[in-house]
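Contents: one structure, followed by commentary.
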Amino acid sequence: MRYEKAVKLLTSQAKFQIKLGLERVNKILNILDNPQNKIKVIHIAGTNGKGSVSSILSNILKHSGYKIGLYTSPHLVKYTERINVDGLDIKEETFTKYIEEICNLANEKDIELTEFEILTVCAFKYFFDEQVDIAIIETGLGGRLDATNTVNSPLLSIITSISLDHTDRLGNTIEKIALEKAGIIKQNSNVIISVQNQGFKTIKKYAKRQNTTVFEVRNDIKTIFKDGQNHIFYNKKLYDFSLIGTYQNENTALVFSAIEFLQKNNISVNESAIEAGLKTVKWRARLEYIKEKNLIIDGAHNVDAAIKLKQSLDLYFPNQQKIFIYSTIDTKDYKGIAKTLFDKNDIIYYIDFNHKNAVPFDKYKKNVDWLNIKKLPKDELKNIINDKSLKIICGSLYMIGQLYYNVCS
């Protein structure tokens, strides 16, 4: 019950609203003696790929014997998923204690924190108290004004793939969005970025102004998928890799570059840890393939992610009948996603879910009237999941979170 009350406290009043800026979160962190600056941090920003890079890198470092903190967002089912040490989510009672402490302190000092700011402070304090060796911190939205950007001197920054998303807050061009993401780059620091990144030139120019060393990553990784098992080929070696997706080539290239940087900076990462980390990494609902059900779950919530999902489906599952279960929220370009993702021979179901910004079936069908799409009653979901055809549940992560345990059980 205390955990449920903590969640209610976290989501009460205006806390769920997004208020970009560092003033509020800096105030509370100063009172707590800035735990974020007392731990080694790898800071990761980007539109897509942040979670994959974070989870792969954290798993490799864990297998190297380091105690690793991992902060990601959003969660699928529980808030505790966002804060993790060595692969274990923070316990509900511990989470509750931190949330209550931070909220009470903020109220006492008259600091109005948002939900994400409270969670970020919670993660920093928990990682410091746990004395992690390295904390891998993923931005929530943007970078420059994101609550996680209170880290003064990150060990390393990584910027993943950039595309048009959250244009109402970050800008309506790749250059504007890239500049916001580049805001995590600190003076005289180190940043890793792929030359394939659409924002590469903008970020490199910004890094130069910051006198920051830019490690340019070229994607020389190949994917091999056989008998339901994925592999990557890098530096003349074949690795078993538990994640799938054509975009993972770019993500793993960033990870290998990060490992090389760490190795040169007295952080030992051996080959067996890399093998184990790649083979066992999990990142739920991001092109997650459940082989026994012939089911893919993916939070393809913007056009760029939809393009990458489509490319991956065409590569890994060519000439297979596809059944889509889809839903979205109204802040996304769902018309663009529909044109990108669905083929005329696909079977497409739309499922309504509980969220204030969820697009109801009738509105969606009206706006994508070229699609042959059917409404899926929730009591029919199990029957669809049991079909032998390839099923893809995709779209809103909020929807996926509400269905996840039902379809995976």
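The values are calculated or read from the model by the stated rules, or taken from the named source; none is laboratory data. No experiment lies behind these values; they were computed from the predicted model shown. Here the Cβ is made from the backbone with ideal geometry for all residues, glycine too, and neighbour counts use every protein chain on show.
What to note about this one:
- Every listed requirement among (1) under 26 Å from residue 19 (Cα atoms); (2) in a helix (DSSP H, G or I); (3) at pLDDT 95 or above; (4) in contact with a helix residue (DSSP H, G or I) (Cβ under 8 Å, 6 or more places away or on another chain) is met by residue 69 save one, (2).
- Residues (of a type in the set (Gly, Ala, Ser) and crowded, with 18+ Cβ neighbours inside 10 Å) located in the stretch 154-182: 157, 161, 163, 178, 182
Yes or no, residue by residue, for (1) at pLDDT 95 or above; (2) within 24 Å of residue 225 (Cβ to Cβ); (3) out of contact with any helix residue (DSSP H, G or I) (no Cβ under 6 Å at 6 or more places or on another chain):
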site	(1), (2), (3)
323	yes, yes, yes
331	no, no, yes
343	no, yes, yes
347	yes, yes, yes
350	yes, no, no
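- Checking each residue of the stretch 266-273 against the condition of being buried (at least 21 other Cβ atoms within 10 Å of the Cβ), out of contact with any Cys (no Cβ under 8 Å at 6 or more places or on another chain) and at pLDDT 90 or above gives no match.
- Answer residue from the stretch 379-409, given it is surrounded by fewer than 17 Cβ atoms within 10 Å (Cβ to Cβ) and hydroxyl-bearing (Ser, Thr, Tyr) and is nearest to residue 286 (Cα to Cα) among those: 405
- Flag set for residue 297, criterion: closer than 25 Å to residue 73 by Cα and under 19 Å from the mean Cα position of the chain (by Cα).
- Among the residues of the stretch 42-66, the one identified as at pLDDT below 95, part of a helix (DSSP H, G or I) and of a type in the set (S, T, N, Q) is 52.
- Qualifying residue in the stretch 239-248 (condition: surrounded by 13 or more Cβ atoms within 10 Å (Cβ to Cβ), in contact (Cβ under 8 Å) with a residue 40 or more places away in the chain and touching a Gly at 6+ places or on another chain (Cβ under 6 Å)): no
- Note on the stretch 1-41: among residues that are modelled with pLDDT of 95 or more and part of a loop (DSSP other than H, G, I, E, B), the one that is surrounded by the fewest Cβ atoms within 10 Å (Cβ to Cβ) is 33.
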